[in-house]
């Protein structure tokens, strides 16, 4: 087809790809003439972005998850769950661990992640001659933390406890964690305050 320059200021007869490279530059393009519909996948990569060109305003909620992190990039905190309880006593058995009823639940986003659980608070024995130990139990997997804090035998002596334990997520099912008391003697153990936290860490 012949190329025709029309009197109206238009040109006809140019096929796709008929213009030489470089003939169309940024000055030739009208403002807002190129949008996302004209860009092919992968057309814009790191080399085409100015420093600090992308900030939080350009990132949609949930656009970046663990699957979009580079290999070896872990340790990101994905979610935190907290429970707090005040001034509650319960009676332990004479032979070992007793559930406190203080529980929190967290649902991991990936089975390869970790769950960092910790507890802090104050507790005391209501009667003398007894000792007790505060522990964290993973009720979902039936795992007791290998860390614990032992309370003394004196009555009404308040003691502070802090325990950390790192559990494997192992699945994306909900995991329930609970404060447990271990005791050598039956008796009432009182929490003036107890807090339990669960934090999901990217694997």
Please compute the length gained on full extension between residue 86 and residue 172, using 0.36 nm multiplied by the number of residues separating them and subtracting their Cα-Cα distance. 27.9 nm
How would you rank 134, 4, going from fewest to most other Cβ atoms within 10 Å of each one's own Cβ? 4, 134
For the pair residue 78 and residue 45, how long in nm is the line joining their label points, each one 7 Å along Cα→Cβ? 2.9 nm
Which of 58, 158, 135 has the fewest other C-beta atoms within 10 Å, and how do the rest follow up to the most? 58, 158, 135
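Read the figures in this text as sums done on the coordinates, not as results from a lab. Source: prediction; values computed, not measured. Neighbour counts are summed over all protein chains in view; Cβ atoms, including those assigned to glycine, are modelled from backbone coordinates with ideal geometry.
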